[in-house]
Amino acid sequence: MALLEVRDLTVEFATDDGVVHAVNGVSYDLAEGETLGIVGESGSGKSAHVLAMLDLLPRPPARIRTGRVLFQGRDLLTLAPTAMRRVRGREIGFVFQDPMTSLHPMLTIGRQITEVLEQHMQMTRAQALARATELLRLVRIPEPARRLGQYPHEFSGGMRQRVMIAIALSCEPSLLIADEPTTALDVTTQAEILDLMQGLQRRLRMSLLLITHDLGIVASMADTVQVMYGGRILERGPITTVFNDPRNAYTLGLLQSLPQADEGGRRRLRQIDGAPPDMRALPPGDPFAPRNPYVTERCHREMPPLRPALDSVPGHLVAAWYDLRKVNRQDRVS
Amino acid sequence: MTAETTVLQVRDLTKTYAARGRLLARRGAGNRAVQGVSFAIARGETLGLVGESGSGKSTIGRAILMLDPPSSGSVIFEGDNLTALSTSELRERRRRMQPVFQDPYASLNPRMRIGRFIAEPLVIHGMMANRAARADYVVDLLRRVGLDASFMERYPHQLSGGQRQRVCIARALALKPIFIVADEPISSLDVSIQAQVVNLLMDLQEQLNLTFLMISHDLAIVRYICHRVAVLYRGRIVETAPTEELFRNPLHPYTRVLLAAIPLPDPVREKARPHQLFDPNFDYGEPDSRLVEVSPGHWLAAARAWAPAQ
């Protein structure tokens with residue numbers, strides 16, 4: 001049984017300008033110990049669906065129209081608020097992009113960690129303090145005992161993100177959700193934090209759901225990659241397979257638009273034309289159709305289902321009415 | 001590089017901020033944002049300025065534009081030392097150099113129509129008083145950045161992030177500058193839009209023979225668009241070289257760590273390679289502003305600067 005089973009999740013937001021269709025029938029599994037990288041841009045539904053399943057969206061304006069989110073067999077969407085709070089933090093840890101807004105500015109770092117431990121793990125103050133020191137050491141913060149007495153503003157961005165990871169891991173969750181955990185950080189700090197998360201994940205045998213816009217980070221961290229666009233999954237599969245043999249035009253476009261690792265010389269990048277869809281007025285068919293150079297007439301009319309990619313490995317799924325393998329090779333190479 | 005082709009020459013630029021309170025005064029040199037930075041950019045060239053937050057890269061950009069003038073040193077633009085000019089003389093020179101910033105949302109006035117926003121610099125400088133001629137010119141500018149005339153009447157909130165950055169670029173072009181300081185011009189844009197804006201900047205450079213200072217933390221993009229790269233560390237240039245030379249043969253330990261930290265979009269190689277981590281406890285030392293030319297065009301901060309401190 002998968003640790004997490006998301007089934008047909010649909011989330012929308014009521015706004016003054018109409019209904020934003022943020023997540024449109026998303027289904028996937030996350031196995032124990034697996035790292036799933038979810039790639040997409042703003043408005044793709046990658047963050048919204050995770051916030052919805054953690055019950056972290058204000059309702060209204062958010063509304064979960066359909067779906068089930070089974071975590072260890074229990075449907076998170078039907079849990080009472082108190083039960084949900086126990087799952088959040090205790091069994092599912094999360095780290096978001098901006099560590100400054102996630103930490104309370106007026107409480108010491110120590111208090112913010114011990115609070116979680118006292119609440120979820122029924123520890124005494126002294127036990128919690130000892131464990132907090134241990135956690136800061138685990139996330140490689142020097143002088144942990146002294147740092148516990150400090151406030152968030154006394155920490156650099158990278159150090160604050162380490163604190164967030166320490167809090168997320170404090171109750172040894174079986175799932176860690178990290179939404180753009182390094183986007184606000186410098187590249188060298190990013191490398192540190194990613195290395196740290198990977199090491200801890202292996203040691204604690206956690207599952208990791210990593211949301212990012214950075215394909216380099218996904219390549220480095222993920223076992224499975226899932227590409228989202230317009231609130232849908234357009235492609236999903238083992239990381240090496242999807243990167244080497246993408247079957248969705250958006251995945252291909254993203255991979256091609258990146259500067260290639262070893263290519264020298266100044267040149268134009270391959271670009272994806274057009275702009276992401278207006279989530280208030282999604283086209284009836286494939287949301288990427290208006291920007292897709294390989295578009296077929298059917299793409300405009302009908303949303304393709306997510307189904308196994310032909311002649312590929314198990315677990316490689318794609319939503320496409322066209323067959324990218326039939327695209328002129330010349331076009332793909334240049 | 002001959003004098004005729006040099007558009008910008010920065011000499012020994014230093015920017016200090018008065019230390020207020022203990023936070024800024026640590027380590028003695030903490031109040032020196034930029035220390036003795038020198039470089040030149042030739043006509044039509046793109047120089048990349050890379051480094052981490054706090055390395056001083058944006059400070060240099062703002063000092064060159066005289067938005068936040070240097071504490072000492074000179075900024076010689078088209079032969080004139082900007083730091084020695086009167087306000088009116090400076091105003092005149094500034095038309096020829098324009099900024100493009102990271103956040104197009106913050107740069108736009110939410111209540112001003114796009115057409116007026118782009119024409120505003122012309123109005124400020126008293127150019128093109130004829131309204132019809134000005135409107136035609138704005139339409140030309142919009143076309144140059146890939147937008148059509150219908151954008152004239154729109155408001156910023158009706159535009160996507162990529163369209164807003166195009167509008168900011170159109171405005172920067174209004175006064176026909178020869179030099180653009182682009183400070184993280186794509187880092188707030190969606191991945192699928194970044195390549196569009198990078199290509200637009202490169203096309204404009206070719207069409208208009210523009211010179212760029214490209215400030216960025218994204219080394220992968222810098223490799224694609226810059227002719228030369230200067231690496232900043234703690235407010236000093238530690239290494240500068242033609243782009244390919246720098247990427248193939250980085251010499252300064254800080255440059256090496258920086259390049260090694262970029263995750264490659266290649267799962268097989270990325271998972272196989274050892275990750276060289278930046279050791280925050282390792283002291284690379286205060287970099288020196290003396291650069292030595294190691295190979296043609298490849299300059300490195302003097303050796304003693306990066307010997308580990310005892």
What single numbered condition from (1) within 13 Å of the chain's Cα centre (by Cα); (2) within 11 Å of chain A (Cβ to nearest Cβ); (3) of a type outside the set (Ser, Thr, Tyr) fails to hold for B:Met202?
(1)
So which residues in region B:170-183 are of a type outside the set (D, E, K, R) and touching a Pro at 6+ places or on another chain (Cβ under 8 Å)?
B:Ala172, B:Ala174, B:Leu175, B:Ile180, B:Val181, B:Ala182
Does region B:92-100 include one or more residues that are aliphatic (A, V, I, L, M) and in a loop (DSSP other than H, G, I, E, B)?
no
I'd like the full set of residues that are under 14 Å from the mean Cα position of the chain (by Cα) and more than 10 Å from chain A (Cβ to nearest Cβ), limited to region B:173-199.
B:Phe179, B:Ile180, B:Val181, B:Ala182, B:Asp183, B:Glu184, B:Pro185, B:Ile186
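Residues checked against (1) within 9 Å of another protein chain (Cβ to nearest Cβ); (2) free of Cβ contacts under 8 Å to residues at least 24 places away in the same chain:
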{"site": "A:Ala222", "(1), (2)": "yes, no"}
{"site": "A:Arg232", "(1), (2)": "no, no"}
{"site": "A:Asp245", "(1), (2)": "no, no"}
{"site": "A:Pro259", "(1), (2)": "yes, yes"}
{"site": "A:Ala275", "(1), (2)": "yes, yes"}
{"site": "A:Pro283", "(1), (2)": "no, yes"}
{"site": "A:Tyr294", "(1), (2)": "no, no"}
{"site": "A:Met303", "(1), (2)": "no, no"}
Residue under evaluation A:Val20, criteria (1) without any contact (Cβ under 8 Å) to a residue 40 or more places away in the chain; (2) more than 23 Å from A:Val116 (Cα to Cα); (3) surrounded by 18 or more Cβ atoms within 10 Å (Cβ to Cβ), criterion not met:
(1)
Please give the helices (runs of 4 or more DSSP H) falling wholly within region A:210-322 in which 2 or more residues are crowded, with 20+ Cβ neighbours inside 10 Å.
A:215-221, A:239-244, A:249-257
Please indicate, with yes or no, whether at least one residue in region A:192-210 is at pLDDT below 90 and within 7 Å of another protein chain (Cβ to nearest Cβ).
yes
Enumeration of residues in region B:56-89 that are part of a helix (DSSP H, G or I) and crowded, with 16+ Cβ neighbours inside 10 Å:
B:Lys57, B:Ser58, B:Thr59, B:Ile60, B:Gly61, B:Arg62, B:Ala63, B:Ile64, B:Leu82, B:Thr83
Sole exception among (1) touching a residue at least 40 places away in the same chain (Cβ under 8 Å); (2) over 19 Å from A:Val95 (Cβ atoms) for A:Thr240, by number:
(1)
Which one is nearest to the other protein chains (Cβ to nearest Cβ), of the residues in region B:246-264 that are more than 16 Å from A:Thr188 (Cβ to Cβ) and of a type in the set (A, V, I, L, M)?
B:Leu246
Kindly indicate whether any position in region A:171-181 is in a helix (DSSP H, G or I), of a type outside the set (A, V, I, L, M) and more than 9 Å from chain B (Cβ to nearest Cβ).
no
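For (1) at pLDDT 55 or above; (2) surrounded by 16 or more Cβ atoms within 10 Å (Cβ to Cβ); (3) of a type in the set (A, V, I, L, M), each residue gets a yes or a no:
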position	(1), (2), (3)
B:Gln9	yes, yes, no
B:Arg22	no, no, no
B:Ile41	yes, yes, yes
B:Gly51	yes, yes, no
Provide a single number: the residues in region B:89-131 that are among the small types (Gly, Ala, Ser) and modelled with pLDDT of 90 or more.
2
For region B:265-276, how many residues meet the condition of being at the interface with another protein chain (Cβ under 7 Å from one of its Cβ atoms) and not in a loop (DSSP other than H, G, I, E, B)?
4
It is to be established whether one or more residues within region B:226-235 are in a helix (DSSP H, G or I) and either within 11 Å of chain A (Cβ to nearest Cβ) or buried (at least 21 other Cβ atoms within 10 Å of the Cβ) (or both).
no
For residues that are surrounded by fewer than 21 Cβ atoms within 10 Å (Cβ to Cβ) and within 27 Å of B:Glu92 (Cβ to Cβ), tally how many sit in region B:145-167.
0
So A:Asp186, is it in contact (Cβ under 8 Å) with a residue 24 or more places away in the chain and surrounded by fewer than 24 Cβ atoms within 10 Å (Cβ to Cβ):
yes
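The values are calculated or read from the model by the stated rules, or taken from the named source; none is laboratory data. Given the structure is predicted, the values throughout are model-derived calculations rather than measurements. Using ideal geometry, Cβ is built from the backbone for each residue, glycine included, and neighbour counts are taken over all protein chains shown.
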